[in-house]
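We did not get these values from a lab; they are worked out from the coordinates using the rules stated. Worth saying up front: this structure is predicted, and the values here are computed from it rather than measured. Quick reminder, even Gly has a Cβ in these numbers, built from the backbone with ideal geometry, and neighbours come from all protein chains shown.
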Amino acid sequence: PVQADILQYVKAGANGFILKDASFDDFLLTIRNVSEGATVLPPFLVDSLFTQIIEHAVRDGKSKVKDAVRLTKRERDVIQLLGEGKNNKEIGQKIRISAYTVKSHIHNIMEKLALHTRLEISNYSYTDETLKTIAKSISMFQN
């Protein structure tokens, strides 16, 4: 298996891995161990799996923190308009606040979401809207 895909295989239910160059005895031992409930992973893939688990946990933790953040309506408006490519002056005109206030909202958004650039805010806007659209579609199918 490709090392980058190990976590996906484990999440899908794989309990053992047999390498192409495994001996016949290793092949039989792996099948026997997995059939008895053991998990078999060649040593060189263990590091890859742990690295992927840690990276996944960090990404998941960041998204949970972002989901828990309370944004004001104005901050959400600014995020949406940044996602549309508007500059501070255009955002201010659109929601009737000064460009300085827009800058203040952008600073607060960056602090709350642990983002560092306007591009990251724009990306967050796109990702957040995409996930909301997917969630709405799924709930429509479930009803």
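For residue 75, the shell of other residues with beta-carbons less than 11 Å away shows a net charge of +3, using +1 for Lys and Arg and -1 for Asp and Glu.
Multiplying the residue separation of residue 35 and residue 98 by 0.36 nm and removing their Cα-Cα distance gives an extension gain of 16.0 nm.
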